[in-house]
Amino acid sequence: MTEVHLVEHAAAKLVPLPDEAGRALAISKIVDAVPDPYESGLWRLRAGSKVGAMELHVPGGETVRLRITPKVPVGRLFFLLGYSLDPRGWRDGAVDVAGYDELMPAFAHTVERQTDQALRKGLLQGYRPTESTAFVVRGRIREAEQIRRRFGAPLPVETAYDEFTTDIAENRILRAAVDRLLRLPGVPRAVRTRLMHQQARLTGVTPLVKGQVVPGWQPNRLNARYHQALHLAGLVLDGASAEHLPGGLRMNGFLFDMNKVFEDFVCAALREALTPYGGRGVLQARGVYLDEDDTIRMRPDLVWYSESGRPLIVADAKYKAGKPHGYPDADLYQMLAYCTALGLQNGHLVYAKGNAPHAGHIVRRSGTALHQHALDLDRNPSVLLSEIRALAALMTRQRQHRRGVEPHEL
């Protein structure tokens, strides 16, 4: 087995790899993979924004295990994930990573602990729509199916009823997440043993078949003890992937895209921070077009609307390190287009903090102000949320100053 350890956005590493594995990594775009021009069998690997663990199985028995560590501490990553999933349900210190420094062990441990907490009072039960063929009528008769299948025969009867069972969406999601974690690389033996215990608790629940759509669930007071476990289970099922590549290659792993993690956190946190000012926030706003014919569609990360539906604030999150000469100009062009389409005089770009200072630019002839803000992810969660609240207050003040809007109009 070949083990490769990379760090998110760190310098490239020269690694001995079978050419089939190197080409598979290059195709997958999980990392940047380029063959060494001077010596065969060596590949230059550089991690981008994807973090996690994966295994690549090469025909002939060779296995390549790849680990990509995030720049931020694992505990901070869980904070960003948890807050973006449920800002109002998040509590500082709610996630215990048990001292694991690696992402995969910490994540598997956290999912197992939350699953255990959810199941301590027994499996949740609920009603599930069920259709069956029986000799005793239960529920209602499916008349159309009875005629189509039985041609007028009275028995057996095609019925439909609501069954009170533990085989419901919530338990199926937890079962699918546990099953998935047990197949992933990098799960410690102790955590794997506890996951098998959770799997045994969920034995009577129907497992999800590969390719089957994950069942939906709605939070309510009856499944409140499941909420955190279900949010994490959803991350397991979203982030886990298995691919069959040409030539018999198989890839199996679990990855987070830090671009999306940062974007989700910033948008969720800003929406919470702007709520006291009135209005409503829309993430990945639809119905925003650059041209009069509505053919050039745009998707800002966050648009804040007044109660009457008028755009007030637009913001975009960018997980990019600042360069010595500043942030990418293309981001400014994109934000200017958002402001033009929405009729706003201020646009806000929010970056993960690099080494470029906070900047603001006034666009010639239009007077549009483009603001570039930076968040320091190394700060503890309470300070980070304070920065978000200060940023929300700044956004509202800048808008009032530029447009002469009274506070009650916000």
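The values are calculated or read from the model by the stated rules, or taken from the named source; none is laboratory data. Model, not experiment: these values are computed from the prediction. All Cβ positions, glycine included, derive from the backbone under ideal geometry; neighbour counts span all protein chains shown. Heads up: the accessible areas ignore ligands, DNA and RNA and are worked out on the full protein's heavy atoms, side chains in. Shrake-Rupley method; radii C 1.70, N 1.55, O 1.52, S 1.80 Å.
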Label point distance in nm, residue 340-residue 29, each placed 7 Å from Cα along Cα→Cβ: 2.7 nm
Sequence-distant aspartates and glutamates (8 or more away, or on other chains) whose Cα lies within less than 16 Å of residue 260: 8, 86, 238, 301, 316
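Could you give the accessible area per residue of the chain, probe 1.4 Å, as a whole number in Å²?
Numbers: 21160 Å² over 410 residues.
On a per-residue basis, the chain sits at 52 Å².
Using a 1.4 angstrom probe on the protein heavy atoms only, could you order 263, 112 from most to least accessible area? Write down the numbers at each step before the final one.
Values: 263 45, 112 0 Å².
These residues rank, largest area first, as 263, 112.
Per residue, how much space in cubic angstrom lies within the convex hull of the C-alpha atoms of segment 166-229? Write out the running numbers ahead of the final one.
Values: hull volume 6.0 nm³, N = 64.
Looking at segment 166-229, the number lands at 94 Å³ per residue.
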Cα convex hull of the chain, projected area averaged across orientations, nm²: 28.1 nm²
Contour minus Cα-Cα distance for residue 397 and residue 210 (0.36 nm per residue): 62.2 nm
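For each pair in 13/50; 71/353; 13/353; 50/353, compute the distance between the two Cα atoms and list the pairs where it is over 23 Å. Write out the running numbers ahead of the final one.
Numbers: 13/50 16 Å; 71/353 12 Å; 13/353 25 Å; 50/353 18 Å.
Check vs 23 Å cut-off fails for 13/353.
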Estimated 222 nm signal from helices in the chain, with DSSP H stretches of n ≥ 4 weighted -39500 (n - 2.57), rounded to 500: -11000 deg cm²/dmol
Heavy-atom accessible surface of the chain: percent carbon and sulfur, 1.4 Å: 52 percent
Using distinct alpha-carbon pairs, which all enter the 1/r mean, Kirkwood radius of segment 11-83 in Å: 13.5 Å
Largest-first principal axis extents, alpha carbons of segment 359-399, Å: 41, 19, 7
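What FRET efficiency would be calculated for the residue pair residue 203, residue 63, taking the C-beta separation as r and a Förster radius of 25 Å, to the nearest 0.05?
Details: r = 30 Å, r/R0 = 1.22.
For residue 203 and residue 63, the calculated efficiency is 0.25.
Of 50, 260, which has the most accessible area and how do the rest follow, probe 1.4 Å?
Details: 50 65, 260 115 Å².
Heavy-atom accessible area, descending, gives 260, 50.
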Computed lengthening from residue 380 to residue 362, 0.36 nm per intervening residue step minus Cα-Cα distance: 3.2 nm
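Determine the gain in length on full extension of the stretch residue 133-residue 275; use 0.36 nm per residue of separation and subtract their C-alpha separation, reporting nm with one decimal. Before the final figure, lay out each step's value.
Working: separation 142, 0.36 × 142 = 51.12 nm, distance 5.19 nm.
Fully extending the segment from residue 133 to residue 275 adds 45.9 nm.
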Inverse of mean 1/r across different Cα pairs in segment 46-87, Kirkwood, Å: 12.5 Å
Sites residue 150 and residue 117, calculated FRET efficiency, Cβ-Cβ separation with R0 45 Å, nearest 0.05: 0.40
